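One structure below.
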Amino acid sequence: MTVLRHAVLALAAPLALTACDKAPELDQTGARPQLPAQKETLLPPMKIARPAGWNGAMPSVPQGFTIIPIATGLKVPRQTLVLPNGDVLVSEGLGGGAPKLRPKDVIAGYIKSLGKSGTKGGNRVTLLRDRDGDGRYELQTVLIDDLNAPYGLALVDGDLYVADQDALLRFRYRDGATRIDGTGEVVTKLPANPNHHWTKSLTASADGTRLYVGIGSNSNVGERGMALEEERAVVWEIDRESGAHRTYASGIRNPTALAINPATQALWAVVNERDELGADLVPDYMTSVKPGAFYGWPYSYYGNHVDPRAHPQKPEMVRKAIAPDYALGSHVAALGLTFLTGGGFGGNYADGAFVGEHGSWNRRQLAGYKVVWIPFTNGRPSGKPRDFVTDFIGPDGKARGRPVGVTYDPVRRALLVADDLSNTVWRITPSAAR
(Lines give C-alpha, C1' and ligand atoms only; values in the text may rest on other atoms or scores of the structure.)
Protein backbone atom coordinates (compact mmCIF):
# COMPACT_ATOMS: atom_id res chain seq x y z
CA MET A 1 0.00 0.00 0.00
CA THR A 2 2.95 2.33 0.66
CA VAL A 3 4.13 1.85 -2.93
CA LEU A 4 0.67 2.68 -4.18
CA ARG A 5 0.49 5.79 -2.01
CA HIS A 6 3.81 7.00 -3.44
CA ALA A 7 2.49 6.34 -6.94
CA VAL A 8 -0.56 8.45 -6.20
CA LEU A 9 1.60 11.35 -5.06
CA ALA A 10 3.93 11.04 -8.03
CA LEU A 11 1.12 11.04 -10.56
CA ALA A 12 -0.84 13.74 -8.77
CA ALA A 13 2.08 16.18 -8.50
CA PRO A 14 1.78 17.58 -12.05
CA LEU A 15 -1.87 18.26 -11.35
CA ALA A 16 -1.12 20.67 -8.54
CA LEU A 17 -0.16 23.30 -11.10
CA THR A 18 -3.34 22.95 -13.13
CA ALA A 19 -5.41 22.92 -9.96
CA CYS A 20 -4.24 26.46 -9.19
CA ASP A 21 -6.07 27.74 -12.28
CA LYS A 22 -9.55 27.94 -10.85
CA ALA A 23 -12.20 27.27 -13.50
CA PRO A 24 -14.97 29.84 -13.87
CA GLU A 25 -18.24 28.99 -12.16
CA LEU A 26 -20.43 27.08 -14.61
CA ASP A 27 -24.16 26.46 -14.63
CA GLN A 28 -24.29 22.70 -15.18
CA THR A 29 -27.85 21.90 -14.11
CA GLY A 30 -31.04 22.02 -16.11
CA ALA A 31 -31.91 21.60 -19.76
CA ARG A 32 -28.91 23.47 -21.18
CA PRO A 33 -25.78 22.89 -19.09
CA GLN A 34 -22.65 24.87 -19.83
CA LEU A 35 -20.03 22.51 -21.25
CA PRO A 36 -16.42 23.74 -21.13
CA ALA A 37 -13.53 22.64 -23.33
CA GLN A 38 -12.27 19.12 -22.79
CA LYS A 39 -9.30 18.82 -20.46
CA GLU A 40 -7.90 15.31 -20.58
CA THR A 41 -5.05 14.65 -18.16
CA LEU A 42 -2.70 11.79 -17.39
CA LEU A 43 -4.60 11.35 -14.15
CA PRO A 44 -7.81 13.25 -13.35
CA PRO A 45 -7.72 15.51 -10.29
CA MET A 46 -9.10 13.27 -7.55
CA LYS A 47 -10.41 13.81 -4.06
CA ILE A 48 -12.82 11.81 -1.96
CA ALA A 49 -14.16 12.57 1.48
CA ARG A 50 -12.85 10.11 4.07
CA PRO A 51 -15.52 8.34 6.15
CA ALA A 52 -16.16 9.76 9.60
CA GLY A 53 -19.58 8.48 10.70
CA TRP A 54 -22.46 10.53 12.05
CA ASN A 55 -21.39 10.37 15.72
CA GLY A 56 -24.76 11.63 16.93
CA ALA A 57 -25.25 14.17 14.14
CA MET A 58 -28.06 13.91 11.58
CA PRO A 59 -28.53 14.94 7.96
CA SER A 60 -30.20 18.32 7.52
CA VAL A 61 -33.64 18.71 5.91
CA PRO A 62 -35.70 21.83 5.15
CA GLN A 63 -37.71 23.56 7.83
CA GLY A 64 -41.01 21.77 8.32
CA PHE A 65 -39.51 18.30 7.87
CA THR A 66 -38.12 15.70 10.27
CA ILE A 67 -35.51 13.02 9.58
CA ILE A 68 -34.84 9.86 11.59
CA PRO A 69 -32.88 6.64 11.02
CA ILE A 70 -35.19 3.64 10.65
CA ALA A 71 -32.48 1.01 10.10
CA THR A 72 -28.81 0.85 11.06
CA GLY A 73 -26.11 -1.78 10.92
CA LEU A 74 -26.96 -2.75 7.37
CA LYS A 75 -24.44 -4.17 4.89
CA VAL A 76 -24.12 -1.61 2.07
CA PRO A 77 -27.78 -0.63 1.51
CA ARG A 78 -28.40 0.39 -2.08
CA GLN A 79 -32.09 0.66 -3.08
CA THR A 80 -35.38 0.47 -1.19
CA LEU A 81 -38.93 -0.63 -2.06
CA VAL A 82 -42.13 0.08 -0.12
CA LEU A 83 -44.55 -2.87 -0.12
CA PRO A 84 -48.36 -2.43 -0.13
CA ASN A 85 -48.57 -3.26 3.60
CA GLY A 86 -45.99 -0.60 4.47
CA ASP A 87 -43.02 -2.92 4.93
CA VAL A 88 -39.77 -1.61 3.45
CA LEU A 89 -37.29 -3.78 1.54
CA VAL A 90 -33.62 -2.87 1.31
CA SER A 91 -31.18 -4.40 -1.18
CA GLU A 92 -27.67 -4.80 0.24
CA GLY A 93 -24.76 -5.63 -2.00
CA LEU A 94 -21.43 -4.64 -3.48
CA GLY A 95 -20.46 -6.13 -6.84
CA GLY A 96 -18.09 -5.56 -9.72
CA GLY A 97 -14.56 -6.90 -9.88
CA ALA A 98 -13.45 -5.89 -13.40
CA PRO A 99 -9.65 -6.15 -13.79
CA LYS A 100 -7.59 -2.94 -13.84
CA LEU A 101 -6.22 -2.13 -17.29
CA ARG A 102 -4.15 1.00 -16.73
CA PRO A 103 -2.08 2.47 -13.90
CA LYS A 104 -4.74 5.18 -13.52
CA ASP A 105 -7.34 2.42 -12.92
CA VAL A 106 -5.29 1.20 -9.97
CA ILE A 107 -4.89 4.71 -8.60
CA ALA A 108 -8.57 5.55 -9.08
CA GLY A 109 -9.56 2.30 -7.40
CA TYR A 110 -7.43 3.18 -4.40
CA ILE A 111 -8.86 6.70 -4.18
CA LYS A 112 -12.43 5.38 -4.36
CA SER A 113 -11.72 2.82 -1.64
CA LEU A 114 -10.86 5.65 0.73
CA GLY A 115 -14.49 6.79 0.62
CA LYS A 116 -16.01 3.43 1.55
CA SER A 117 -16.95 2.07 4.94
CA GLY A 118 -15.10 -1.21 4.48
CA THR A 119 -18.32 -3.16 5.12
CA LYS A 120 -18.73 -6.27 3.00
CA GLY A 121 -21.91 -6.26 0.91
CA GLY A 122 -24.72 -8.27 2.48
CA ASN A 123 -25.85 -10.07 -0.71
CA ARG A 124 -29.35 -10.00 0.71
CA VAL A 125 -32.69 -8.20 0.89
CA THR A 126 -33.65 -6.98 4.36
CA LEU A 127 -37.22 -6.30 5.51
CA LEU A 128 -38.15 -3.43 7.83
CA ARG A 129 -41.55 -3.35 9.57
CA ASP A 130 -43.31 -0.62 11.54
CA ARG A 131 -45.79 -2.70 13.56
CA ASP A 132 -47.74 0.14 15.18
CA GLY A 133 -47.53 2.86 12.54
CA ASP A 134 -45.52 5.31 14.64
CA GLY A 135 -42.80 5.73 12.04
CA ARG A 136 -40.31 3.58 13.97
CA TYR A 137 -39.47 0.25 12.34
CA GLU A 138 -39.16 -2.27 15.17
CA LEU A 139 -38.48 -5.31 12.98
CA GLN A 140 -35.31 -5.61 10.90
CA THR A 141 -34.87 -9.09 9.45
CA VAL A 142 -33.38 -10.80 6.39
CA LEU A 143 -36.09 -11.60 3.83
CA ILE A 144 -33.85 -13.19 1.16
CA ASP A 145 -30.18 -14.08 1.40
CA ASP A 146 -27.46 -15.75 -0.68
CA LEU A 147 -27.93 -13.25 -3.51
CA ASN A 148 -25.24 -11.91 -5.85
CA ALA A 149 -24.92 -8.15 -5.32
CA PRO A 150 -28.64 -7.29 -5.48
CA TYR A 151 -29.57 -3.75 -6.48
CA GLY A 152 -32.92 -3.04 -8.19
CA LEU A 153 -36.23 -4.17 -6.65
CA ALA A 154 -39.82 -4.32 -7.97
CA LEU A 155 -43.10 -5.95 -6.88
CA VAL A 156 -45.72 -6.82 -9.52
CA ASP A 157 -48.84 -8.98 -9.04
CA GLY A 158 -47.48 -10.84 -6.04
CA ASP A 159 -44.05 -11.46 -7.56
CA LEU A 160 -40.95 -9.82 -6.11
CA TYR A 161 -38.23 -9.12 -8.67
CA VAL A 162 -34.60 -8.69 -7.64
CA ALA A 163 -31.91 -7.52 -10.06
CA ASP A 164 -28.68 -9.25 -9.07
CA GLN A 165 -25.52 -8.18 -10.86
CA ASP A 166 -25.81 -11.16 -13.22
CA ALA A 167 -29.52 -12.12 -13.38
CA LEU A 168 -33.06 -10.88 -12.91
CA LEU A 169 -34.72 -13.13 -10.32
CA ARG A 170 -38.38 -13.69 -9.41
CA PHE A 171 -39.60 -14.71 -5.96
CA ARG A 172 -43.20 -15.44 -5.02
CA TYR A 173 -44.19 -12.96 -2.32
CA ARG A 174 -46.92 -13.45 0.26
CA ASP A 175 -48.24 -10.32 1.98
CA GLY A 176 -46.75 -10.05 5.45
CA ALA A 177 -44.01 -12.62 4.85
CA THR A 178 -40.79 -12.12 6.80
CA ARG A 179 -38.77 -14.82 5.04
CA ILE A 180 -38.49 -16.16 1.48
CA ASP A 181 -36.32 -19.24 1.05
CA GLY A 182 -34.91 -20.64 -2.16
CA THR A 183 -32.79 -19.27 -4.98
CA GLY A 184 -35.60 -17.69 -6.97
CA GLU A 185 -36.55 -18.21 -10.60
CA VAL A 186 -34.22 -16.74 -13.22
CA VAL A 187 -36.33 -14.50 -15.46
CA THR A 188 -33.33 -13.71 -17.63
CA LYS A 189 -29.57 -13.59 -17.34
CA LEU A 190 -28.04 -10.12 -17.33
CA PRO A 191 -24.69 -9.09 -18.87
CA ALA A 192 -22.05 -9.54 -16.19
CA ASN A 193 -18.63 -9.96 -17.77
CA PRO A 194 -16.50 -8.33 -16.54
CA ASN A 195 -18.99 -5.93 -14.85
CA HIS A 196 -17.04 -2.70 -14.64
CA HIS A 197 -20.40 -1.09 -13.81
CA TRP A 198 -22.19 -3.82 -11.89
CA THR A 199 -25.38 -2.19 -10.61
CA LYS A 200 -28.58 -3.33 -12.34
CA SER A 201 -31.36 -0.81 -11.81
CA LEU A 202 -34.96 -1.99 -12.12
CA THR A 203 -38.51 -0.76 -12.42
CA ALA A 204 -41.83 -2.02 -13.83
CA SER A 205 -43.97 -0.37 -16.50
CA ALA A 206 -47.11 1.40 -15.33
CA ASP A 207 -49.29 -1.56 -16.38
CA GLY A 208 -46.88 -4.12 -14.90
CA THR A 209 -46.46 -6.15 -18.07
CA ARG A 210 -42.85 -5.15 -18.69
CA LEU A 211 -39.76 -4.71 -16.60
CA TYR A 212 -36.92 -2.32 -17.34
CA VAL A 213 -33.31 -3.02 -16.33
CA GLY A 214 -30.47 -0.51 -16.60
CA ILE A 215 -27.13 -2.04 -17.59
CA GLY A 216 -23.99 0.09 -17.33
CA SER A 217 -20.97 0.14 -19.62
CA ASN A 218 -17.92 -2.06 -19.10
CA SER A 219 -15.53 0.90 -19.21
CA ASN A 220 -15.20 4.64 -19.03
CA VAL A 221 -15.18 5.26 -22.77
CA GLY A 222 -14.64 1.91 -24.50
CA GLU A 223 -10.99 1.41 -23.52
CA ARG A 224 -11.57 -2.32 -22.93
CA GLY A 225 -12.62 -2.72 -26.57
CA MET A 226 -16.11 -2.42 -27.98
CA ALA A 227 -16.53 -6.20 -28.11
CA LEU A 228 -16.94 -6.11 -24.32
CA GLU A 229 -19.62 -3.43 -24.66
CA GLU A 230 -22.16 -5.65 -26.40
CA GLU A 231 -25.48 -5.20 -24.56
CA ARG A 232 -23.85 -2.68 -22.23
CA ALA A 233 -24.73 0.99 -21.68
CA VAL A 234 -28.35 0.09 -22.41
CA VAL A 235 -31.79 -0.20 -20.90
CA TRP A 236 -33.51 -3.53 -21.52
CA GLU A 237 -37.25 -3.95 -21.76
CA ILE A 238 -38.17 -7.44 -20.49
CA ASP A 239 -41.43 -9.31 -20.88
CA ARG A 240 -42.36 -10.22 -17.34
CA GLU A 241 -43.88 -13.58 -18.21
CA SER A 242 -41.44 -15.00 -20.77
CA GLY A 243 -38.22 -13.19 -19.89
CA ALA A 244 -37.76 -12.19 -23.53
CA HIS A 245 -35.97 -8.87 -23.82
CA ARG A 246 -35.12 -6.14 -26.29
CA THR A 247 -32.79 -3.15 -26.15
CA TYR A 248 -35.09 -0.27 -25.30
CA ALA A 249 -32.43 2.47 -25.40
CA SER A 250 -28.67 2.52 -25.92
CA GLY A 251 -25.61 4.73 -25.54
CA ILE A 252 -26.74 5.49 -21.98
CA ARG A 253 -23.46 5.01 -20.11
CA ASN A 254 -24.58 3.94 -16.64
CA PRO A 255 -28.33 4.13 -15.89
CA THR A 256 -28.13 3.72 -12.12
CA ALA A 257 -31.80 4.27 -11.26
CA LEU A 258 -35.05 3.91 -13.20
CA ALA A 259 -38.55 5.14 -12.34
CA ILE A 260 -41.91 5.68 -13.99
CA ASN A 261 -43.16 9.28 -14.02
CA PRO A 262 -46.75 8.93 -12.75
CA ALA A 263 -47.88 12.06 -14.60
CA THR A 264 -47.07 10.60 -18.03
CA GLN A 265 -46.30 6.90 -17.33
CA ALA A 266 -43.00 7.49 -19.15
CA LEU A 267 -39.75 5.80 -18.14
CA TRP A 268 -37.05 8.04 -16.64
CA ALA A 269 -33.47 7.37 -15.58
CA VAL A 270 -30.57 9.01 -13.81
CA VAL A 271 -27.28 8.35 -15.54
CA ASN A 272 -23.61 8.58 -14.57
CA GLU A 273 -21.63 10.02 -17.47
CA ARG A 274 -17.98 9.53 -18.45
CA ASP A 275 -14.86 10.68 -16.59
CA GLU A 276 -11.37 12.01 -17.31
CA LEU A 277 -12.32 15.00 -19.48
CA GLY A 278 -11.98 17.48 -16.63
CA ALA A 279 -13.72 18.44 -13.41
CA ASP A 280 -16.63 19.96 -15.32
CA LEU A 281 -17.15 17.25 -17.91
CA VAL A 282 -19.36 15.39 -18.35
CA PRO A 283 -22.50 16.30 -16.35
CA ASP A 284 -24.48 13.38 -15.00
CA TYR A 285 -28.10 13.63 -16.02
CA MET A 286 -31.76 12.74 -15.59
CA THR A 287 -33.76 11.95 -18.70
CA SER A 288 -36.91 10.42 -20.06
CA VAL A 289 -35.84 7.21 -21.78
CA LYS A 290 -37.28 7.15 -25.28
CA PRO A 291 -37.71 3.78 -27.05
CA GLY A 292 -35.04 3.28 -29.71
CA ALA A 293 -33.09 6.35 -28.62
CA PHE A 294 -29.29 6.52 -28.66
CA TYR A 295 -27.74 8.82 -26.02
CA GLY A 296 -24.22 9.05 -27.43
CA TRP A 297 -21.93 6.85 -25.36
CA PRO A 298 -19.05 6.38 -26.09
CA TYR A 299 -18.88 8.47 -29.27
CA SER A 300 -20.37 11.70 -27.99
CA TYR A 301 -22.07 13.36 -25.04
CA TYR A 302 -24.99 15.77 -24.76
CA GLY A 303 -25.92 15.20 -28.37
CA ASN A 304 -23.12 15.91 -30.82
CA HIS A 305 -20.19 16.77 -28.50
CA VAL A 306 -17.61 14.33 -29.86
CA ASP A 307 -15.40 12.35 -27.48
CA PRO A 308 -12.05 11.92 -29.29
CA ARG A 309 -11.04 9.00 -27.07
CA ALA A 310 -13.64 6.63 -28.58
CA HIS A 311 -12.18 4.17 -31.05
CA PRO A 312 -13.16 3.79 -33.75
CA GLN A 313 -14.81 7.17 -34.26
CA LYS A 314 -18.33 6.86 -35.66
CA PRO A 315 -19.73 10.15 -36.99
CA GLU A 316 -22.93 8.40 -38.04
CA MET A 317 -23.61 7.47 -34.42
CA VAL A 318 -22.88 11.02 -33.27
CA ARG A 319 -25.52 12.26 -35.71
CA LYS A 320 -28.04 9.85 -34.15
CA ALA A 321 -27.31 10.86 -30.56
CA ILE A 322 -29.97 12.79 -28.66
CA ALA A 323 -29.30 15.08 -25.73
CA PRO A 324 -30.71 14.13 -22.31
CA ASP A 325 -33.47 16.19 -20.74
CA TYR A 326 -31.84 17.56 -17.59
CA ALA A 327 -28.26 17.92 -16.33
CA LEU A 328 -27.51 17.27 -12.65
CA GLY A 329 -23.92 18.54 -12.58
CA SER A 330 -20.58 16.95 -13.33
CA HIS A 331 -19.58 13.90 -11.28
CA VAL A 332 -22.38 14.10 -8.71
CA ALA A 333 -22.79 10.31 -9.13
CA ALA A 334 -26.59 10.18 -9.13
CA LEU A 335 -27.73 6.74 -7.91
CA GLY A 336 -31.34 7.28 -6.83
CA LEU A 337 -34.57 8.51 -8.45
CA THR A 338 -38.16 8.67 -7.21
CA PHE A 339 -41.22 10.66 -8.29
CA LEU A 340 -43.83 12.10 -5.98
CA THR A 341 -47.42 10.99 -6.35
CA GLY A 342 -50.73 11.96 -4.78
CA GLY A 343 -49.73 15.56 -4.25
CA GLY A 344 -46.46 14.63 -2.61
CA PHE A 345 -45.58 16.73 0.41
CA GLY A 346 -47.73 19.61 -0.87
CA GLY A 347 -46.61 23.22 -1.18
CA ASN A 348 -43.23 23.47 -2.90
CA TYR A 349 -42.92 19.67 -2.97
CA ALA A 350 -46.11 18.61 -4.74
CA ASP A 351 -44.93 17.59 -8.21
CA GLY A 352 -41.42 16.51 -9.03
CA ALA A 353 -38.60 14.07 -8.34
CA PHE A 354 -35.97 13.43 -5.73
CA VAL A 355 -32.47 12.37 -6.84
CA GLY A 356 -29.88 10.74 -4.58
CA GLU A 357 -26.35 11.96 -5.37
CA HIS A 358 -23.69 9.63 -4.00
CA GLY A 359 -20.82 12.07 -4.49
CA SER A 360 -17.77 12.67 -6.66
CA TRP A 361 -14.28 11.22 -6.64
CA ASN A 362 -12.57 12.65 -9.74
CA ARG A 363 -12.50 16.37 -9.00
CA ARG A 364 -10.89 18.47 -6.30
CA GLN A 365 -14.09 20.31 -5.35
CA LEU A 366 -16.56 17.77 -3.95
CA ALA A 367 -19.88 17.48 -5.76
CA GLY A 368 -23.03 15.57 -4.85
CA TYR A 369 -23.22 14.02 -1.36
CA LYS A 370 -26.87 15.06 -1.01
CA VAL A 371 -30.45 14.47 -2.10
CA VAL A 372 -31.90 17.12 -4.39
CA TRP A 373 -35.47 18.02 -5.33
CA ILE A 374 -36.34 18.83 -8.96
CA PRO A 375 -39.76 20.42 -9.61
CA PHE A 376 -41.85 19.20 -12.54
CA THR A 377 -44.78 20.74 -14.42
CA ASN A 378 -46.89 18.74 -16.87
CA GLY A 379 -44.52 15.80 -16.70
CA ARG A 380 -41.33 17.80 -17.38
CA PRO A 381 -38.61 19.38 -15.19
CA SER A 382 -39.51 23.01 -14.62
CA GLY A 383 -36.86 24.50 -12.37
CA LYS A 384 -33.41 24.22 -10.87
CA PRO A 385 -32.55 21.47 -8.38
CA ARG A 386 -32.90 22.39 -4.73
CA ASP A 387 -31.05 20.77 -1.84
CA PHE A 388 -33.35 18.62 0.28
CA VAL A 389 -31.19 16.29 2.41
CA THR A 390 -27.72 17.67 3.08
CA ASP A 391 -24.75 17.74 5.46
CA PHE A 392 -23.51 14.31 4.44
CA ILE A 393 -20.15 16.10 4.46
CA GLY A 394 -19.29 17.29 7.96
CA PRO A 395 -17.59 20.58 8.90
CA ASP A 396 -14.26 18.75 8.93
CA GLY A 397 -14.66 17.83 5.25
CA LYS A 398 -15.17 14.15 6.03
CA ALA A 399 -18.13 12.08 4.86
CA ARG A 400 -20.71 11.11 7.44
CA GLY A 401 -22.76 9.24 4.83
CA ARG A 402 -23.40 8.87 1.11
CA PRO A 403 -26.96 8.69 -0.30
CA VAL A 404 -27.89 6.05 -2.86
CA GLY A 405 -31.50 4.99 -3.48
CA VAL A 406 -34.45 7.28 -2.75
CA THR A 407 -38.06 6.08 -2.51
CA TYR A 408 -41.23 8.06 -1.90
CA ASP A 409 -43.98 6.37 0.13
CA PRO A 410 -47.23 8.11 -0.92
CA VAL A 411 -49.42 6.39 1.68
CA ARG A 412 -47.31 7.54 4.64
CA ARG A 413 -45.97 10.70 2.95
CA ALA A 414 -42.37 9.74 3.62
CA LEU A 415 -39.11 9.79 1.71
CA LEU A 416 -36.66 6.95 2.31
CA VAL A 417 -32.93 7.42 1.67
CA ALA A 418 -30.43 4.55 1.65
CA ASP A 419 -27.01 5.63 2.95
CA ASP A 420 -24.36 3.05 2.01
CA LEU A 421 -21.51 4.67 3.94
CA SER A 422 -23.10 4.74 7.41
CA ASN A 423 -25.19 1.66 6.48
CA THR A 424 -28.39 3.44 7.42
CA VAL A 425 -31.85 4.01 5.96
CA TRP A 426 -33.18 7.50 6.72
CA ARG A 427 -36.86 8.50 6.72
CA ILE A 428 -38.00 12.08 6.08
CA THR A 429 -41.57 13.25 6.79
CA PRO A 430 -43.38 16.54 7.27
CA SER A 431 -42.89 17.54 10.89
CA ALA A 432 -46.59 17.18 11.71
CA ALA A 433 -46.67 13.64 10.30
CA ARG A 434 -45.64 10.50 12.18
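The table that follows gives values for the structure above.
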{"item": "Pairwise label distance in nanometres, K100 with V306, each label 7 Å out on the Cα-Cβ vector", "result": "3.3"}
{"item": "Packing-based ranking, highest mean first, of 247-254, 64-71, 281-288 given that Cβ atoms within 10 Å are counted", "result": "281-288, 247-254, 64-71"}
{"item": "Positive-pole candidate from A310, W236, L153, dipole of the chain, charges at beta carbon", "result": "A310"}
{"item": "Heavy-atom accessible surface of the chain: percent carbon and sulfur, 1.4 Å", "result": "51"}
{"item": "Rule-of-thumb Rg ratio for the chain [Cα; 2.2 N^0.38 Å; N residues]", "result": "0.93"}
{"item": "Environment charge at G397 (Cβ cut-off 13 Å; Lys +1, Arg +1, Asp -1, Glu -1)", "result": "+3"}
{"item": "Kirkwood hydrodynamic radius of region 164-220, Cα pairs, Å", "result": "13.1"}
{"item": "Rounded to whole Hz, the Karplus (6.51, -1.76, 1.60) HN-Hα couplings of region 256-273, x for glycine and proline", "result": "7, 8, 10, 7, 8, 6, x, 6, 10, 6, 8, 7, 10, 9, 10, 9, 8, 8"}
{"item": "Most to least packed among 364-370, 30-36 [average Cβ atoms within 10 Å]", "result": "364-370, 30-36"}
{"item": "Cα gyration tensor shape of region 167-289, rounded if a/c is under 1.5, else prolate or oblate by comparing a/b with b/c", "result": "prolate"}
{"item": "Debye, to nearest 20: dipole size of region 47-430, +1 on Lys, Arg Cβ, -1 on Asp, Glu Cβ", "result": "900"}
{"item": "Positive-end residue of S250, P291, A266, charge dipole of region 47-430 with Cβ unit charges", "result": "S250"}
{"item": "Around R129: net Lys/Arg minus Asp/Glu count, Cβ-Cβ under 11 Å", "result": "-2"}
{"item": "Solvent-accessible area per residue for the chain (1.4 angstrom probe, square angstrom)", "result": "40"}
{"item": "Mean Cβ neighbour count within 10 Å, used as a protection proxy, ranking 302-315, 118-131 highest first", "result": "118-131, 302-315"}
{"item": "Straight-distance crosslink candidates among lysines, where the alpha carbon sits under 19 Å from K384 and sequence neighbours closer than 8 are dropped", "result": "K370"}
{"item": "Label-zone membership for region 417-432, site R50, 7 angstrom Cα→C-beta point, backbone N under 11 Å", "result": "none"}
{"item": "Top of V187, V162, V406 by mean-square fluctuation, Gaussian network on the chain, Cα under 10 Å", "result": "V187"}
{"item": "Residue (of L83, G118, G352) at the positive-pole extreme of the chain, dipole from beta-carbon charges", "result": "G118"}
{"item": "J(HN,Hα) series, region 407-423, from Karplus relation 6.51 cos²θ - 1.76 cosθ + 1.60, nearest Hz, glycine and proline x", "result": "9, 9, 9, x, 5, 9, 6, 9, 10, 9, 10, 7, 10, 8, 8, 8, 6"}
{"item": "Spin-label model distance (nm) - K120 vs T72, 7 Å beyond Cα toward Cβ", "result": "2.3"}
{"item": "Length gained when the stretch R172-N348 is fully extended (0.36 nm per residue, less Cα-Cα span)", "result": "59.5 nm"}
{"item": "Long-range Cα-Cα pairs in region 383-434 (distance over 14 Å), rounded percent", "result": "60"}
{"item": "Theoretical gain in end-to-end length, N193 to R32 [0.36 nm per residue, Cα-Cα removed]", "result": "54.4 nm"}
{"item": "Extended-chain gain in nm, criterion 0.36 nm per residue less alpha-carbon gap, E185 and S60", "result": "40.9 nm"}
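The values are calculated or read from the model by the stated rules, or taken from the named source; none is laboratory data. Owing to the predicted nature of the structure, the values given are computational and were not obtained by experimental measurement. In this analysis, Cβ positions are derived from the backbone assuming ideal geometry, glycine residues included, and neighbour counts consider all displayed protein chains. Side chains are part of the model used for accessible areas, which takes the heavy atoms of the whole protein and leaves out ligands, DNA and RNA. Shrake-Rupley method; radii C 1.70, N 1.55, O 1.52, S 1.80 Å.
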